[in-house]
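Engineer: First the structure, which I've put down as structure tokens, then a few questions once you've had a look.
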Amino acid sequence: MTADLFADQPPEPATLPIAPGAVLLRGFALDVDQALLKAFAEVTASAPLRHLITPGGYTMSVAMTNCGPLGWVSDRRGYRYQAQDPLTGASWPAMPACWRELAVRAAAEAGYGGFRPDACLVNSYEPGAKLSLHQDKDEKDLSAPIVSVSLGLAAVFQFGTAVRSDRPQRLRLVHGDVVVWGGPSRLAFHGIAPLVDGEHALTGQRRINLTFRKVA
Ligand code: MD3
Ligand code: FE
């Protein structure tokens with residue numbers, strides 16, 4: 001006989017509303033994880049991960065790159081989206097089809113049909129890296145959702161409301177999780193707590209997050 005230590009826990013639904021307009025699709029990316037990571041190696045070979053400088057002069061602990069027509073960058077002059085990678089001067093690499101298709105499917109599953117992302121910001125966290133509480137509002141079309149895909153090590157995601165001082169909720173995001181942020185949640189403050197040391201079979205000592213956006 002197998003003792004089921006979780007027998008008294010209800011199974012977690014695959015689609016979890018977490019805030020108004022925001023939906024967690026637990027494990028939604030699991031069946032394509034190897035393809036997503038193969039494309040990650042290709043994207044980062046053309047547009048290397050780098051630690052951007054904030055307008056205030058700090059070096060971000062998260063390493064970033066982009067793919068698709070537009071990419072998010074930061075430097076002493078400010079934050080912006082642009083078509084060229086400042087590191088290479090070239091256009092950002094194309095958005096891999098398997099990435100785009102996953103993001104579009106996830107958005108539709110969450111109730112946002114017709115999502116057409118034109119930017120994908122790729123974040124890479126090593127142990128200790130964090131992303132302080134912030135809003136994403138550099139995108140012109142705030143009616144489109146943002147789709148985020150978590151790969152590799154787990155992280156504690158913090159999210160509040162559009163009011164910075166509202167106490168944030170905490171949510172553990174694991175490999176394969178996809179979150180769709182739309183409606184009133186589109187302007188929620190959010191961040192990632194310092195990544196805890198660990199080893200993931202597919203990514204090693206790192207967490208990768210893909211965020212798909214409609215910018216223009
Ligand atoms: C809620 N990335 O790239 S993903 C970011 O895990 C960013 O790397 C985090 O915040 C990460 O800007 C969080 C979840 C996420 C992304 C964008 C959002 C949640 C969001 C935009 C609006 C509201
Ligand atoms: Fe963000």
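The values are calculated or read from the model by the stated rules, or taken from the named source; none is laboratory data. As the structure is a computational prediction, the values presented were derived from the model and not from experiment. Cβ: placed from backbone, ideal geometry, glycine included. Neighbour counts: every protein chain shown. Surface areas here come from the heavy atoms of the whole protein model, side chains and all, with no ligands, DNA or RNA. Shrake-Rupley method; radii C 1.70, N 1.55, O 1.52, S 1.80 Å.
Engineer: Could you grab me the full set of residues in the stretch 57-77 that are assigned to a loop (DSSP other than H, G, I, E, B), open to solvent by 10 Å² or more (accessible area, probe 1.4 Å) and either in contact with a His (Cβ under 9 Å, 6 or more places away or on another chain) or among the acidic types (Asp, Glu) (or both)?
Structural biologist: Once the filter is applied, which keeps residues that are assigned to a loop (DSSP other than H, G, I, E, B), open to solvent by 10 Å² or more (accessible area, probe 1.4 Å) and either in contact with a His (Cβ under 9 Å, 6 or more places away or on another chain) or among the acidic types (Asp, Glu) (or both), the stretch 57-77 yields Met60, Ser61.
Engineer: Scan the stretch 6-50 for residues that are in a strand (DSSP E or B) and either open to solvent by less than 90 Å² (accessible area, probe 1.4 Å) or within 26 Å of Val73 (Cβ to Cβ) (or both) and jot them down.
Structural biologist: Thr15, Leu16, Ile18, Ala19, Ala22, Val23, Leu24, Leu25, Arg50 - these are the residues of the stretch 6-50 that are in a strand (DSSP E or B) and either open to solvent by less than 90 Å² (accessible area, probe 1.4 Å) or within 26 Å of Val73 (Cβ to Cβ) (or both).
Engineer: Still on this structure: Go through the stretch 93-122 and count every residue that is aliphatic (A, V, I, L, M) and closer than 21 Å to Asp138 by Cβ.
Structural biologist: Here the count works out to 6.
Engineer: Here's something else I'd like to know. Residue under question is Arg80, and the condition is that it be out of contact with any His (no Cβ under 8 Å at 6 or more places or on another chain), open to solvent by 10 Å² or more (accessible area, probe 1.4 Å) and in a helix (DSSP H, G or I); does it hold?
Structural biologist: It is false that Arg80 is out of contact with any His (no Cβ under 8 Å at 6 or more places or on another chain), open to solvent by 10 Å² or more (accessible area, probe 1.4 Å) and in a helix (DSSP H, G or I).
Engineer: Exactly one condition in (1) surrounded by fewer than 20 Cβ atoms within 10 Å (Cβ to Cβ); (2) within 12 Å of ligand 2 (Cβ to nearest atom) is not met by Leu121; state its number.
Structural biologist: (1)
Engineer: Test of understanding: among Asp136, Asp166, which residue is of a type in the set (Asp, Glu) and within 10 Å of ligand 2 (Cβ to nearest atom)?
Structural biologist: The unique qualifying residue is Asp136.
Engineer: Being away from ligand 2 (no atom under 12 Å from the Cβ), modelled with pLDDT of 95 or more and buried (at least 22 other Cβ atoms within 10 Å of the Cβ) is the requirement here; does Val215 meet it?
Structural biologist: no
Engineer: Oh, and also: Consider Ala94 carefully, then state whether it is within 12 Å of ligand 1 (Cβ to nearest atom), part of a loop (DSSP other than H, G, I, E, B) and surrounded by fewer than 21 Cβ atoms within 10 Å (Cβ to Cβ).
Structural biologist: no
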